[in-house]
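One structure is given here, and the rest of the page talks about it.
The values are calculated or read from the model by the stated rules, or taken from the named source; none is laboratory data. Keep in mind that what you see is a predicted model, and the values were worked out from it rather than measured. Neighbour counts run over all protein chains shown; Cβ positions are idealised from the backbone, glycine included.
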Amino acid sequence: MSSDLLDKATINTGARSGSNIVPTGKTACVVGSGFGGMALAMRLQSAGIQTTVIEARDKPGGRAYFWEKDGFTFDGGPTVITDPPCLEELWELSGHDMKDDVELMKVHPFYRLNWPDGHNFDYSNVEEELFAEIAKLNPEDVEGYQKFLEYSAGVYEEGYVKLGTVPFLDFKSMLKAAPALAKKLAWRSVYSIVSSFIKHEKIREALSFHTLLVGGNPFKTSAIYTLIHKLEKDGGVWWTRGGTNRLIAGMIRHFERLGGTMMIGDPVTQVHTIGNKATEVETKSGFKQHFDAVASNGDIMHSYRDLLSESPRGKSYAKKLARKKFSPGLFVVHFGLEGTWPGIPHHMILFGPRYKGLLDDIYDNGVLPQDFSIYLHHPTVTDPSMAPKGQSTFYALVPVAHMGKLAVDWDEVGPVLEKRILDEIGRRLIPDIHDRIVTKFSYAPKDFQEDLSAHLGSAFSLEPVLTQSAWFRGHNRDDVIDNFYLTGAGTHPGAGIPGVVGSAKATAGLMIEDLVS
């Protein structure tokens with residue numbers, strides 16, 4: 001089934017057919033059409049490997065799913081696009097230009113951070129503006145921030161440029177990287193490193209919350225993740241006109257242009273194996289086909305426990321995965337409002353009264369606290385096409401403990417939490433919010449579990465702590481089934497668009513070498 005399922009525009013698959021690609025005679029299947037899966041499929045197809053992507057849901061995108069309700073477009077996420085070159089490279093492989101399929105729009109400020117006392121902090125890569133924001137809270141921290149950015153640049157070079165697309169297939173590769181990572185104090189947490197440069201608590205929060213966007217607790221996530229600051233400073237923060245779903249649509253358009261095959265709405269039920277080889281992919285509809293290689297962009301536990309359930313490797317590795325730590329879940333309220341809100345930026349963080357205590361409750365204690373921090377997404381301030389004229393699209397996201405720690409009935413708890421979240425946004429930003437709501441719906445951890453086969457309803461797969469990074473994460477190529485591969489948040493380097501696109505580059509390198517050499 002073609003990408004016209006999700007594409008509002010006319011698809012031109014014949015304009016430039018990718019005739020410069022030399023077929024290898026090899027075939028591959030990618031299970032799942034999230035960013036990692038599509039980036040991998042584009043790379044394989046560009047290398048002449050005939051690739052089929054099979055998606056379980058009625059629309060492509062994985063976590064980048066979308067809904068259209070009452071004239072509003074609601075992206076499931078992710079909503080923050082950084083490092084555009086890592087995406088542009090996917091088109092350049094076949095001599096094409098991403099601009100033919102995708103329009104990126106700059107977002108400024110990157111984020112507005114707001115605390116309960118009413119203080120706002122606009123975070124961007126415009127130095128004079130950012131220094132002024134820091135100086136409002138503590139002038140001494142301007143110099144500390146500059147030193148922190150130097151540190152972040154060094155970590156970026158080691159952790160992203162040198163290692164971000166390198167597969168860690170054995171412990172030796174981890175040991176080889178260890179000295180450079182140790183030199184950058186990788187064992188320390190993001191918050192700890194930030195605090196070594198910054199004195200004011202609000203600025204510490206402003207410079208450490210980013211790990212939450214990839215499922216990590218800033219008090220536990222490796223300091224390597226401070227590289228996000230360098231990534232944003234150099235590349236900016238972007239939005240795809242029409243929504244993140246338009247980026248997925250553009251990726252599929254180009255993949256099909258190159259001759260790739262999309263299958264939508266037909267879940268893979270089994271990856272059959274014989275010995276140490278994946279031999280055939282079977283779907284719910286009864287489709288069965290042999291492929292030379294199979295890669296999963298699905299949830300890592302689902303990939304092994306369910307898709308490889310007939311294989312001893314699937315069963316044994318699923319047991320090992322069950323002992324690992326998984327990232328929290330998310331509770332997301334999508335809503336469309338009457339009116340436009342030019343004073344509310346594209347991305348806001350509404351901090352609650354607690355920072356570390358709240359994170360302890362989410363990551364360790366497994367309780368649903370009365371307070372919360374909210375990530376508020378307001379795309380119509382950048383891109384009015386996301387809502388009917390004179391109206392606005394929003395979503396409010398709150399991290400919550402995953403279902404393995406927080407065993408609540410989300411059908412019962414969801415409406416209560418939804419009202420509390422909307423009440424808080426009303427108190428801090430939009431006083432008559434309930435009167436202005438045109439449409440709304442919520443998405444809870446149980447929905448992540450049911451729709452995305454996400455283990456425990458986790459929104460970001462394995463928690464990005466040091467002992468679950470690089471070689472300690474899922475390997476880009478399986479250790480036993482030598483033509484079964486992984487891409488996406490559960491493998492190196494982790495979640496976030498640059499992370500899963502990087503994982504696709506690492507995995508594609510292995511697959512191309514294995515299939516073509």
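Laid out as a table, the results:
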item: Unique match (being surrounded by fewer than 22 Cβ atoms within 10 Å (Cβ to Cβ), touching a residue at least 12 places away in the same chain (Cβ under 8 Å) and either within 19 Å of T244 (Cα to Cα) or touching a strand residue (DSSP E or B) at 6+ places or on another chain (Cβ under 8 Å) (or both)) among L368, L337, L350; result: L368
item: Members of the stretch 110-147 that are surrounded by 20 or more Cβ atoms within 10 Å (Cβ to Cβ) and of a type in the set (A, V, I, L, M); result: L113, L130, I134
item: Set K505, K405, K419, K446: member being more than 23 Å from L358 (Cβ to Cβ) and at pLDDT 95 or above; result: K505
item: Matching residues, the stretch 467-488, being within 13 Å of K324 (Cβ to Cβ), not in a helix (DSSP H, G or I) and not hydroxyl-bearing (S, T, Y); result: R473, G474
item: Selected residue (only one of I430, I421, I425, I362 is farther than 25 Å from L456 by Cα and assigned to a helix (DSSP H, G or I)); result: I425
item: Extreme residue, modelled with the lowest pLDDT, among residues of the stretch 132-160 that are among the hydrophobic types (A, V, I, L, M, F, W, C) and in contact with a Phe, Trp or Tyr (Cβ under 6 Å, 6 or more places away or on another chain); result: F148
item: Among (1) in a helix (DSSP H, G or I); (2) more than 25 Å from W471 (Cβ to Cβ) - the single one K199 does not satisfy; result: (1)
item: Residue within the stretch 261-276 that is surrounded by fewer than 18 Cβ atoms within 10 Å (Cβ to Cβ), out of contact with any helix residue (DSSP H, G or I) (no Cβ under 6 Å at 6 or more places or on another chain) and small (G, A, S) present; result: yes
item: Count - residues of the stretch 165-188 that are crowded, with 16+ Cβ neighbours inside 10 Å, touching a residue at least 40 places away in the same chain (Cβ under 8 Å) and within 26 Å of E205 (Cβ to Cβ); result: 3
item: Selection status of V214, within 21 Å of the chain's Cα centre (by Cα) and free of Cβ contacts under 8 Å to residues at least 12 places away in the same chain; result: no
item: Which listed residue is closer than 30 Å to L307 by Cβ, modelled with pLDDT of 95 or more and out of contact with any strand residue (DSSP E or B) (no Cβ under 9 Å at 6 or more places or on another chain), from S33, S46; result: S46
item: Residue that is modelled with the highest pLDDT [pool: residues in the stretch 362-381 that are within 21 Å of K419 (Cα to Cα) and polar (S, T, N, Q)]; result: S373
item: Residues located in the stretch 195-226, provided they are touching a Pro at 6+ places or on another chain (Cβ under 8 Å) and among the β-branched types (V, I, T); result: T211, V214, T221
item: Leading residue by the ranking (surrounded by the fewest Cβ atoms within 10 Å (Cβ to Cβ)) among those in the stretch 36-66 that are basic (K, R) and over 15 Å from H254 (Cβ atoms); result: R57
item: Every residue from the stretch 391-411 that is within 24 Å of V80 (Cα to Cα) and touching a Gly at 6+ places or on another chain (Cβ under 9 Å); result: Q391, S392, T393, F394, Y395, L397, P399, V400, A401, H402
item: Strands (runs of 3 or more DSSP E) within the stretch 244-304 that include 3 or more residues touching a residue at least 40 places away in the same chain (Cβ under 8 Å); result: 261-264, 268-274, 277-283, 293-296
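Residues are listed down the side, and each one gets a yes or a no for (1) surrounded by fewer than 24 Cβ atoms within 10 Å (Cβ to Cβ); (2) in the same structural domain as V333 (by TED's automatic domain parsing); (3) touching a strand residue (DSSP E or B) at 6+ places or on another chain (Cβ under 8 Å); (4) not polar (S, T, N, Q):
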residue: H434; (1), (2), (3), (4): yes, yes, no, yes
residue: K440; (1), (2), (3), (4): yes, yes, yes, yes
residue: N483; (1), (2), (3), (4): yes, no, yes, no
residue: P498; (1), (2), (3), (4): no, no, no, yes
